[in-house]
Amino acid sequence: MRRVRVPLPHYPFHPPHPLILLPNYPYLGSCNFFERRFRGFAYRCDSCDFDLHGTCALLQVSVASNFPTCLHQHPLFFVQNHDEEVINDCCGCKNPLSGPIYHCSDCTYPTIFNLHKKCAESSLEIQHPYDRKHPLTLLSAPAATHRLDCSCYLCKIQWDGFVYSCSICNFDLTLDDFLAPKEITFSSHGHHRVLLLKQISFVCDSCGIAGDHSPYLYIMCNLVVHKKCISMPRNIMITRHHHVISHSFYLQEDQFEDWMCRICYEEVDMRYGGCCCSNSDCIYIFHVHCATNKAIWDGTIISEVDERCKEAPCEYRNLITDGVEQMSIGEDMVAVEIKKCVS
Ligand SMILES: [Zn+2]
Ligand SMILES: [Zn+2]
Ligand SMILES: [Zn+2]
Ligand SMILES: [Zn+2]
Ligand SMILES: [Zn+2]
Ligand SMILES: [Zn+2]
Ligand SMILES: [Zn+2]
Ligand SMILES: [Zn+2]
């Protein structure tokens with residue numbers, strides 16, 4: 001194999017030794033910078049068994065010397081544009097990475113460490129109305145005191161991202177909540193909404209499930225909604241039904257024969273929002289959490305409901321119940337009718 005000694009365009013990748021260019025890396029390689037498998041040209045240090053994928057070597061990278069070691073034990077690199085090389089979520093806010101990032105090349109799979117620029121540059125201490133008595137300190141994970149038999153929402157969702165924490169009051173605000181937009185004027189619902197960053201009990205008007213912190217308020221409509229529910233699309237397609245399923249904050253009583261969810265066969269609480277078939281001949285209703293369960297909904301959103309499709313006679317009426325199958329929704333096993341076309 002031909003070996004060429006070429007200085008790298010960006011030195012920070014492997015300070016101790018010069019790297020050697022392998023124009024045709026013969027194997028499926030594993031890049032020591034972004035921990036990705038690769039093919040094609042690479043740079044290598046034999047004494048350290050260090051491989052650098054050619055594409056990664058061309059990225060604009062600098063050493064992030066100012067990043068506080070209290071948040072991560074290894075030195076980080078600042079990468080202006082990672083060119084979609086990184087597919088993991090941000091370790092601070094747990095959202096997908098985009099734009100400039102901070103990256104640790106010492107952490108190896110499965111503990112890959114990347115941060116959005118805005119997450120990496122968050123203030124280490126803030127004054128926030130979430131805790132009116134004490135300043136909140138930025139930590140790389142919730143304090144260990146939570147782990148025992150804590151029932152707070154962080155433990156419920158097993159949050160392992162960054163938090164703003166008060167050790168005296170023993171509570172934390174996730175970085176994701178802290179960075180969530182405080183006010184959204186244009187929403188699918190068409191109204192102004194505001195984030196209330198407080199520990200507060202409520203029932204979500206969108207999905208009917210209780211929440212215990214930081215809801216969005218639709219001030220003009222008097223609605224309270226989970227942060228995760230504000231992005232609920234108006235119309236979706238699910239695998240269990242042939243028509244477009246619409247989400248509504250208001251379900252009318254005379255619209256349905258009964259209030260049984262056709263996925264879990266438990267009652268839908270008509271005081272809150274729900275999902276129902278957009279076809280006027282179809283009287284099917286679903287819990288929001290059932291219709292949006294990953295096993296039922298593959299994420300397909302319908303931007304405009306075709307009126308013809310909506311008004312067509314419901315094909316589902318021509319289906320027969322073929323049997324009952326067990327399927328899992330979250331941790332529960334539920335009965336689901338298997339239907340087949342009669343045609
Ligand atoms: Zn080396
Ligand atoms: Zn982030
Ligand atoms: Zn690291
Ligand atoms: Zn907890
Ligand atoms: Zn406090
Ligand atoms: Zn909700
Ligand atoms: Zn249900
Ligand atoms: Zn239908």
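The values are calculated or read from the model by the stated rules, or taken from the named source; none is laboratory data. Please read these numbers as outputs of a predicted model, since none were measured by experiment. In this analysis, Cβ positions are derived from the backbone assuming ideal geometry, glycine residues included, and neighbour counts consider all displayed protein chains.
Set side by side, the residues Phe67, Phe77 differ, and just one is assigned to a strand (DSSP E or B), at negative phi, aromatic (Phe, Trp, Tyr) and at pLDDT 80 or above, which is Phe77.
A single member of Ser206, Ser214 is surrounded by 14 or more Cβ atoms within 10 Å (Cβ to Cβ), polar (S, T, N, Q) and over 29 Å from Glu125 (Cα atoms), and it is Ser206.
So which residues in region 118-162 are free of Cβ contacts under 8 Å to residues at least 24 places away in the same chain, more than 20 Å from the chain's Cα centre (by Cα) and under 12 Å from Leu175 (Cβ atoms)? Those that are free of Cβ contacts under 8 Å to residues at least 24 places away in the same chain, more than 20 Å from the chain's Cα centre (by Cα) and under 12 Å from Leu175 (Cβ atoms): Glu121, Ser123. I need a count of the residues in region 57-92 that are farther than 15 Å from Asn114 by Cα and surrounded by 12 or more Cβ atoms within 10 Å (Cβ to Cβ). Going through region 57-92 one residue at a time, the tally reaches 4. Per the listing Pro110, Pro129, Pro100, the residue uniquely closer than 29 Å to Ser231 by Cα and exposed (fewer than 13 other Cβ atoms within 10 Å of the Cβ) is Pro129.
Is it the case that some residue within region 223-234 is more than 16 Å from ligand 6 (Cβ to nearest atom), in contact with a strand residue (DSSP E or B) (Cβ under 7 Å, 6 or more places away or on another chain) and closer than 20 Å to Ile302 by Cβ? No, because not a single residue in region 223-234 is more than 16 Å from ligand 6 (Cβ to nearest atom), in contact with a strand residue (DSSP E or B) (Cβ under 7 Å, 6 or more places away or on another chain) and closer than 20 Å to Ile302 by Cβ. Ile184 meets the stated requirement of being under 28 Å from Thr137 (Cα atoms), away from ligand 3 (no atom under 16 Å from the Cβ) and outside the structural domain of Pro135 (by TED's automatic domain parsing). Do we have any residue at all in region 140-159 that's within 16 Å of ligand 2 (Cβ to nearest atom), part of a strand (DSSP E or B) and in contact with a Phe, Trp or Tyr (Cβ under 9 Å, 6 or more places away or on another chain)? Looking for residues that are within 16 Å of ligand 2 (Cβ to nearest atom), part of a strand (DSSP E or B) and in contact with a Phe, Trp or Tyr (Cβ under 9 Å, 6 or more places away or on another chain), one finds none in region 140-159, hence no. Filtering region 80-104 to residues that are at pLDDT 85 or above, within 16 Å of ligand 3 (Cβ to nearest atom) and part of a loop (DSSP other than H, G, I, E, B) leaves Cys90, Cys91, Gly92, Leu97, Cys104. For region 184-198, the tally of residues that are exposed (fewer than 14 other Cβ atoms within 10 Å of the Cβ) and either touching a helix residue (DSSP H, G or I) at 6+ places or on another chain (Cβ under 9 Å) or at pLDDT below 85 (or both) stands at 4.
Among the residues of region 196-209, are any more than 30 Å from Ile302 (Cα to Cα) and not in a loop (DSSP other than H, G, I, E, B)? No, region 196-209 has no match at all. Within region 162-176, does at least one residue satisfy the condition of being assigned to a loop (DSSP other than H, G, I, E, B), of a type outside the set (Lys, Arg) and crowded, with 18+ Cβ neighbours inside 10 Å? Yes - at least one qualifying residue is present in region 162-176. Residue under question is Pro16, and the condition is that it be surrounded by fewer than 16 Cβ atoms within 10 Å (Cβ to Cβ), modelled with pLDDT under 85, part of a loop (DSSP other than H, G, I, E, B) and touching a Cys at 6+ places or on another chain (Cβ under 8 Å); does it hold? So Pro16 fits the description; yes. Of note, Val224 satisfies the criterion of being without any contact (Cβ under 8 Å) to a residue 24 or more places away in the chain and under 27 Å from the mean Cα position of the chain (by Cα).
Would you say Val305 is among the β-branched types (Val, Ile, Thr), under 28 Å from the mean Cα position of the chain (by Cα) and modelled with pLDDT under 85? Yes; evaluated as a whole, the condition is true for this residue.
Selection of first residues in region 34-46 that are within 21 Å of Pro16 (Cα to Cα) and of second residues that are among the acidic types (Asp, Glu) and part of a strand (DSSP E or B), restricted to Cβ pairs under 6 Å at least 6 apart or on distinct chains, gives the following pairs, ordered by first then second residue: Ala42/Asp51; Arg44/Asp51.
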